[in-house]
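Take a look at the structure below.
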Amino acid sequence: MFTIEHDYDATVVTLVDEGKAPLKEDVIINAFDDCVTIAQVDPRSDEVVRITLSLTQLRDLEAALDLPEGIYQLRKT
């Protein structure tokens with residue numbers, strides 16, 4: 001299950017783990033004009049772990065999900 005909310009400066013997507021236990025903590029994705037942040041609570045420390053992807057990194061991740069194993073560099077066309 002997931003939710004989508006549009007805030008003033010970001011689109012927020014929350015991914016809720018469903019299925020068989022053990023379930024993972026919710027993942028919160030904030031899409032801004034210049035980057036995307038991904039956050040999740042670490043159950044061991046009870047602290048939020050956050051990473052930030054540039055839009056270039058996000059584009060590369062999107063491409064990587066559909067490619068076989070290897071090394072790639074995307075070029076602008």
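The values are calculated or read from the model by the stated rules, or taken from the named source; none is laboratory data. What you are looking at is a predicted structure, and each value in this text was computed from that prediction instead of being measured. Positions of Cβ are generated from backbone atoms using ideal geometry, with glycine treated the same way; all protein chains shown enter the neighbour counts. For the accessible areas, the whole protein counts, side chains as well, though only heavy atoms, and no ligand, DNA or RNA atoms are used. Shrake-Rupley method; radii C 1.70, N 1.55, O 1.52, S 1.80 Å.
Counting only residues that are assigned to a helix (DSSP H, G or I) and loosely packed, with under 11 Cβ neighbours inside 10 Å, how many does the stretch 64-77 have?
Counting residues in the stretch 64-77 that are assigned to a helix (DSSP H, G or I) and loosely packed, with under 11 Cβ neighbours inside 10 Å gives 0.
Out of L55, L15, I need the residue that is aliphatic (A, V, I, L, M) and surrounded by 14 or more Cβ atoms within 10 Å (Cβ to Cβ). Which one? Only one candidate qualifies: L15.
Going by the structure shown, is T3 of a type in the set (S, T, N, Q) and open to solvent by less than 80 Å² (accessible area, probe 1.4 Å)? Spelling it out, T3 is indeed of a type in the set (S, T, N, Q) and open to solvent by less than 80 Å² (accessible area, probe 1.4 Å). Just so you know, in the stretch 4-46 the residues that are among the small types (G, A, S) and outside any loop (DSSP other than H, G, I, E, B) include one that is nearest to L74 (Cα to Cα), and it is A31. Taking the conditions (1) surrounded by 13 or more Cβ atoms within 10 Å (Cβ to Cβ); (2) in a strand (DSSP E or B) in turn, D60 satisfies each one other than (2). Every listed requirement among (1) among the hydrophobic types (A, V, I, L, M, F, W, C); (2) part of a loop (DSSP other than H, G, I, E, B); (3) without any contact (Cβ under 8 Å) to a residue 12 or more places away in the chain is met by V49 save one, (2). Could you list, in sequence order, all residues of the stretch 29-46 that are of a type in the set (S, T, Y) and farther than 24 Å from M1 by Cβ? Within the stretch 29-46, just S45 meets the criteria.
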